Amino acid sequence: MTTQSQRNAAIATTLAEVRALTAQRDIDRATLAQVAAVLQNLASRKDLFSFADFPPPSDGTTTSTRYRLSEEGQLPALYLNAIVPGKKTIPHNHDTWAVIVAVQGDELNRVYRRTDDGGSPGQASIELERELVVRPGTPISFLAQDIHSIHVVGDAPTLHFHLYGRPLETLTGRIGIEPETGRIVNYNATQMNRSEKAAA
């Protein structure tokens, strides 16, 4: 069996296990912890997921490449992000549940809470709740309206799985919050680059 065949089989098995965990139930943090454990099993297969097959950008114009691993329209949606140091995002939600698990590399996640009442549709007030470095063995997960930002620092690129209840490309209701002003923006429209299709 080729490496690609092994990779496809491992992805299919993982997504089937996740679907069994998330089908016909309300998604809560306990369920997401179970999903993270399944995804960490996949991340341990470093023979199948490496920078050789999923390289980070090297042209200096972008800081990340997101590879789509699940089929179009398939739920949940699985991506593999290859990110170079210097990548950071503004605080944002996902508008669906999300689990991030590291194959290799460290990614600082800052998790925020909203402190306003949501009464102003174009403005938000947030404060830092906690920080967590996502690295092999240390995942992070989010419910739909949880807010976080990512920061890749240091000298090494990262290779992390991002698993979402719905495909990123369909999440038109995501918000981003500009940290300096509190202004709310449409995250997908203003912040998100397109995904690359992983080699078949």
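The values are calculated or read from the model by the stated rules, or taken from the named source; none is laboratory data. Since this is a predicted model, take the numbers as computed values, not measurements. For neighbour counting, all protein chains shown are included, and Cβ atoms are generated from backbone atoms with ideal geometry for every residue, glycine included. Each accessible area value is taken on the protein alone, full model and side chains, heavy atoms only, with ligands, DNA and RNA left out. Shrake-Rupley method; radii C 1.70, N 1.55, O 1.52, S 1.80 Å.
When the accessible area of the chain is computed with all protein chains present and a 1.4 Å probe, what percentage of it is carbon and sulfur? Carbon with sulfur: 50 percent of the solvent-accessible area.
Take every Cα pair under 8 Å whose residues are at least 6 apart in sequence, average their separation, divide by the length of the chain, and the relative contact order is 26 percent.
Couplings 3J(HN,Hα) for region 12-24, derived from phi with the Karplus relation 6.51 cos²θ - 1.76 cosθ + 1.60 (θ = phi - 60°), are 4, 5, 4, 5, 5, 5, 5, 4, 5, 6, 9, 5, 6 Hz, where x marks Gly and Pro. For the Cα atoms of the chain, what angle does the longest principal axis make with the long axis of helix 29-43, in degrees from 0 to 90, nearest 10? Taking Cα atoms only, the helix is inclined about 40 degrees. Modelled label positions at Ala156 and Ser125, each set 7 Å beyond Cα in the direction of Cβ, lie 4.1 nm from each other. The convex hull built on the alpha-carbon positions of region 1-89 has an orientation-averaged projected area of 7.4 nm². Multiplying the residue separation of Lys46 and Asp28 by 0.36 nm and subtracting their alpha-carbon distance yields 3.6 nm.
When all alpha carbon pairs of the chain are counted in 10 Å bins from zero, the resulting P(r) reads 9, 36, 38, 15, 2, 0 %. For region 62-159, applying the loop criterion from DSSP together with a ceiling of 14 other beta carbons within 10 Å to the GluC sites (Glu not before Pro) yields Glu71, Glu72.
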